[in-house]
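To start, the structure itself, in structure tokens.
The values are calculated or read from the model by the stated rules, or taken from the named source; none is laboratory data. As the structure is a prediction and not an experimental result, all values here were calculated from the model. Ideal geometry is used to build each Cβ from the backbone, glycine not excepted, and the neighbour counts take in all protein chains shown. Side chains are part of the model used for accessible areas, which takes the heavy atoms of the whole protein and leaves out ligands, DNA and RNA. Shrake-Rupley method; radii C 1.70, N 1.55, O 1.52, S 1.80 Å.
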Amino acid sequence: MMKTQFASSFLFATLLLFGSCNDDPDPVKENEEELITTVRLTFTEGTNSFVAEWKDADGDGANLPTVDDISLEAGKTYAVSVELLNESTTPADNISAEVSEEGAEHQFFFITGDGLELTTTYDDQDADGYPIGLQNTFVAGVAGSGTLTVILRHEPNKTAAGVSDGDAANAAGETDVETAPPFNVTIQ
């Protein structure tokens, strides 16, 4: 009798366990963080253009990123596009397309330092009318030098104070990439 009760209990527990393992036909897909090894800025002014890159070839490894210097002309307006790449794969994976597709979940911030006079304006927006930052306008102010840090936030609070104007202070979210060390910028 005891063996029968034990066998019945074991069978019931086994059925309960396997019955609870249900394959969900529509599982929620997690947004996996991509490795971003390169932030490429393309500056266009009239018919002239140049590229400045921040590269961290080994990701979180021991090697420091390489960073191109940026030289701008005072008073000039530049169309600036941002391209994100994962160059640890062959061919390189272009992350910019994903950021564009998931525009409501991403926003770039362009932080100037050391008194650099560089005004930035967003030229693209997500489906809700909030900025993304893959396409921008930069206006170089008076001659001087300083730094430019580019930050991409995932799931920022785009409705928070100042965020739509490019102020990252209230953005929250997670940082997908930050150009540290920053770009050195000279305005001549």
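With the condition kept exactly as written, say whether any residue in the stretch 59-69 is part of a strand (DSSP E or B) and touching a Leu at 6+ places or on another chain (Cβ under 8 Å). Spell out the reasoning first.
Kept after step one, since they are part of a strand (DSSP E or B), are these residues of the stretch 59-69: 66-67.
Remaining after also requiring touching a Leu at 6+ places or on another chain (Cβ under 8 Å): none.
Checked against the condition, which is being part of a strand (DSSP E or B) and touching a Leu at 6+ places or on another chain (Cβ under 8 Å), the stretch 59-69 yields no hits at all.
Applying the selection to the stretch 39-50, what residues are free of Cβ contacts under 8 Å to residues at least 24 places away in the same chain and either surrounded by fewer than 12 Cβ atoms within 10 Å (Cβ to Cβ) or of a type in the set (Phe, Trp, Tyr) (or both)?
Correct list: Gly46, Thr47, Asn48, Phe50.
Can you pull out every residue in the stretch 121-151 that is in contact with a Gly (Cβ under 9 Å, 6 or more places away or on another chain), of a type in the set (A, V, I, L, M) and closer than 19 Å to Thr186 by Cα?
Result: Val139, Ala140, Val142, Leu148, Val150.
Identify the single condition in (1) outside any loop (DSSP other than H, G, I, E, B); (2) touching a Leu at 6+ places or on another chain (Cβ under 9 Å); (3) open to solvent by 30 Å² or more (accessible area, probe 1.4 Å) that Pro181 does not satisfy, given that it satisfies every other one.
(1)
This table checks each residue for (1) under 18 Å from the mean Cα position of the chain (by Cα); (2) open to solvent by 60 Å² or more (accessible area, probe 1.4 Å).
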| position | (1), (2) |
| --- | --- |
| Ile95 | yes, no |
| Glu98 | yes, no |
| Phe109 | yes, no |
| Leu116 | no, no |
| Ala127 | yes, yes |
| Ala143 | no, yes |
| Lys158 | yes, no |
| Ala161 | no, yes |
| Glu174 | yes, yes |
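If I ask for residues that are buried (at least 17 other Cβ atoms within 10 Å of the Cβ) and among the hydroxyl-bearing types (Ser, Thr, Tyr), which ones from the stretch 54-93 would you list?
Listed by number, the residues that qualify are Tyr78, Ser81.
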